[in-house]
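Working notes for the structure below.
Every read-out reported here was derived from the displayed coordinates using simple, explicitly stated rules and does not represent laboratory data. Not measured: the values here are computed from a predicted model. Here the Cβ positions follow ideal geometry from the backbone for every residue, glycine too, while neighbour counts run over all protein chains shown.
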Amino acid sequence: MNIFDKFSERTLRGVARSSSRRSFLGRLGLTLVGGAALPLLPIARASAQAREPKESYPGVAPDFTTNPGEEGDVTSCDYWRYCGVGGTLCSCCGGGPAACPPGTEMSPMSWIGTCLNPVDNKHYIISYNDCCGKPNCTRCPCAPNNPKDRPSIRPQSSSEYLWCIGTKSSMYTCSTATVVGLALAQEG
C-alpha cells in the first residue's frame, strides 16, 4: 500500500470508531433539509422584493448622466449617440443611453453604427441594443435616422428588425446606444 492509502484507511477507521451510521445519516439529513430551507429565510425574500421594480417605467426618473467628453441631452433624438437609432430611447423610460430600465432585459443581439461626437470631432462605434420585457415605452420616440441602412436581407445592419432575440420576452420596450470604441480613420 502506498502512503495515501494508509493515511486514508487510518482516517476513515478513526471516523468510524468515533461515530455511528445513524448519527452520520442524521447529520446528513439535517444538512440537506437546512440547505433546502435557506432560500425561505426572510432576508432572502426581502432582497428579492428589493430587486423587483415597485412600478413600471413611467414613474421612474430617467438617467441624465453622460460620460466625460460628451455633451447634450440624452433624452433628445438629436443626441450624437443616437445617429443610428430607430425606436424609443431608454433614457426617457428610466434607463440611460447604455442602460435598460428596471424590469427589462437587454438583448444580446445588436446592430452597429458609427456616430460623430461633436465635442472631439471623432467617429465612434455605437452598439444599439433593444431592451425587452415590458410594453413599448411611448416617451421619446425617434424615427429611424439611418440613411445608410441596409435592406432587411441583411438584418444585422438594420435597426428596423426586432432585436429581442435571446431574451425571456420578445416584447420591445426601448433602445440603448453604447459606445464600443473609436472608429478607424477613413481616408477620403
Mind checking the full-extension length gain between Val119 and Lys168? Use 0.36 nm per residue of separation minus the Cα-Cα distance, one decimal, nm.
-> 13.8 nm
Would you mind getting me the FRET efficiency between Asn2 and Val33? Use the beta-carbon distance for r and R0 = 45 Å, nearest 0.05.
-> 0.70
Fewest to most Cβ atoms within 10 Å: Leu32, Leu89 sort as Leu32, Leu89
Length added when fully stretched, Thr138-Arg17, from 0.36 nm per residue minus Cα-Cα | 36.3 nm
